[in-house]
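J.: Have a look at this one before I ask anything.
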Amino acid sequence: MSGSELDSIYSLIPWHGDPYTPEGRKRYERALKEFSELMDHPFLSGLPEEVTVLDILSGEGIGGVALSKSLRRRVRLYMMDLREGALEVARRFSKEELGEEAVTLVHDATRAHEVVEDLDLVLMYGLSTPHFDPWRAILLLASVSESLKDEGVFLVEEADRRYWVFYMTGYKEVMAEFKGDEPILSMHKGYDFRRGVFKRAHLSLLRGEMAELEVYFWGVADFLSLMWLFFQEVDMRPLDGRRYILLARRPRRKVRPEHLKLPSMLG
């Protein structure tokens, strides 16, 4: 999916990624508190005094900046996303909060190892796993593990969508949502059995604009077990009643990016 397609989607879904809005600032302050409380985790105890961090699918930088500030070390921060506009905000925000502008990369996270290496930490914050079906999740984990140092750590903010969407709520063909005061209709459009993704169309009732989003509804155990295939140690830490931080340390490097090519059946 291109950056412009993602821009269209994020203009229609109710997501607060901009730290300069009241809702985005609230997310940032929550992230600061959560990452500060995470610093006692054993996986993070051996970090060097100078830490190199990559925030993938960074958006406007809320997660990467909050983590960097919570580390209380000298941090070299990279942010990676496909949306140049979001990264422009991330550069400004990182400069204001950290005193140094993050290095931003317009790049596909499943190929992160091509542009960065020897990282201490990789972060994926913002409940971003639905962007990856199981096939691309494997590419992502191979790339992340390749880009980390031998003692490197991968952190993922996650929620159990199988539980919250299918059990607690029930999957709905049509759902009314709001982006601020703007009414948005989310409608089921299809399902891809090869990739396991649901296709939903989002329609603005005010603007008449529509964008299609493909999502994979991960459970926490699903994604954490995949992380375990690529890392020697995994763990999870609850954040609130719905969200968790998944942690993985010490890449196995048994399956590397050059070993993987998507099957032709996926098109």
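The values are calculated or read from the model by the stated rules, or taken from the named source; none is laboratory data. Keep in mind that this is a model prediction, so the values were computed, not measured. So basically every Cβ, Gly included, is an ideal-geometry build from the backbone, and we count neighbours across all protein chains shown.
J.: Examine region 58-70 for a residue that is under 16 Å from the mean Cα position of the chain (by Cα), on the phi > 0 side of the Ramachandran plot and of a type outside the set (S, T, N, Q), and state whether such a residue exists.
T.: yes
J.: Moving to a separate point now. Residue by residue through region 120-153, note down the ones that are polar (S, T, N, Q) and part of a loop (DSSP other than H, G, I, E, B).
T.: Ser128
J.: Which one is nearest to Ala248 (Cα to Cα) among residues in region 114-125 that are surrounded by fewer than 24 Cβ atoms within 10 Å (Cβ to Cβ) and not hydrophobic (A, V, I, L, M, F, W, C)?
T.: Looking at the filtered set, the residue picked out is Asp120.
J.: Same structure, new question: List the helices (runs of 4 or more DSSP H) inside region 1-97, counting only whole elements, that have at least 2 residues being over 25 Å from Arg207 (Cα atoms), modelled with pLDDT of 95 or more and aliphatic (A, V, I, L, M).
T.: In region 1-97, the matching helices (runs of 4 or more DSSP H) lie at 22-38, 62-71.
J.: Considering only region 224-232, I want to know if a residue exists there that is surrounded by fewer than 19 Cβ atoms within 10 Å (Cβ to Cβ) and in contact with a strand residue (DSSP E or B) (Cβ under 7 Å, 6 or more places away or on another chain).
T.: Yes - at least one qualifying residue is present in region 224-232.
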